[in-house]
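A quick write-up on the structure given underneath.
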Amino acid sequence: MSKTECTDVFKREMTEKYFDMVYRLALARTKDKSTADDVCQEVFLRYIKSDKDFESEQHIKAWLITVTINCSKSVFTNSWFQKTVPLSEEIVFTTPEKSDLFDQVRKLPKKYATVIHLHYREDMSIAEIASLLGMKESTVKSHLFRGRQQLKELLGGRYDYEF
């Protein structure tokens, strides 16, 4: 197998492994399934086309998260997006608690929803989130604290659900 074929196989494996993570993050940031699909497609297209030498799998994961965040931001500045009206969508969950929690997290400001998503869904430490987002650890901690407080208020005091 040639080096190019090995690289293609490895990129395909990484795409399959991190697809759900990228999609969930895009959905949390864009709050729209079709826009999240577009962001996800753009992220993996950039990954497949990239000639970047990644140091480790953790580096690939961090790169994918960063590109997902940046692509999600750019969606809202696109002139096409500013002229569209989102369709009403319902996401179906197996348990009503997870549906309620997911809906409430989507209502949080992006800065809080992002750190909550990375911390609870992607199991990233505060230090990893700070490094990835270019923030101080104290800022990440305060965003987590404020996000949890707002989430607690949105959930009416019940926040013992698994994220």
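Taking the conditions exactly as written (in a helix (DSSP H, G or I), at pLDDT 85 or above and either open to solvent by 100 Å² or more (accessible area, probe 1.4 Å) or among the charged types (D, E, K, R) (or both)), does Lys98 satisfy them or not?
no
Which one is surrounded by the fewest Cβ atoms within 10 Å (Cβ to Cβ) among residues in region 115-127 that are out of contact with any Leu (no Cβ under 7 Å at 6 or more places or on another chain) and either at pLDDT 90 or above or in a loop (DSSP other than H, G, I, E, B) (or both)?
In this case the residue turns out to be Asp123.
Can you tell me which residue within region 29-78, out of those that are in a loop (DSSP other than H, G, I, E, B) and among the polar types (S, T, N, Q), is most open to solvent (accessible area, probe 1.4 Å)? Walk me through how you get there before you give the answer.
Pass one, region 29-78, residues in a loop (DSSP other than H, G, I, E, B): 31-32, 50-56, 78.
In the following step, the residues that additionally are among the polar types (S, T, N, Q) were identified as 50, 56, 78.
Working: Ser50: 21, Ser56: 54, Asn78: 74 Å².
The residue in question is Asn78.
Return yes or no: is Arg12 part of a helix (DSSP H, G or I), more than 29 Å from Phe145 (Cβ to Cβ) and either modelled with pLDDT under 85 or open to solvent by 70 Å² or more (accessible area, probe 1.4 Å) (or both)?
For Arg12, the condition - part of a helix (DSSP H, G or I), more than 29 Å from Phe145 (Cβ to Cβ) and either modelled with pLDDT under 85 or open to solvent by 70 Å² or more (accessible area, probe 1.4 Å) (or both) - is met.
Could you tell me which numbered condition Asp37 fails, if it satisfies all but one of (1) under 18 Å from Glu122 (Cα atoms); (2) under 13 Å from the mean Cα position of the chain (by Cα); (3) of a type in the set (Asp, Glu)?
(1)
The values are calculated or read from the model by the stated rules, or taken from the named source; none is laboratory data. Everything quoted here is computed from the prediction, not taken from an experiment. When we count neighbours, we look across all protein chains shown, and the Cβ atoms used for this are built from the backbone with ideal geometry, even at glycine. SASA here: full protein model, heavy atoms, side chains in, ligands and nucleic acids out. Shrake-Rupley method; radii C 1.70, N 1.55, O 1.52, S 1.80 Å.
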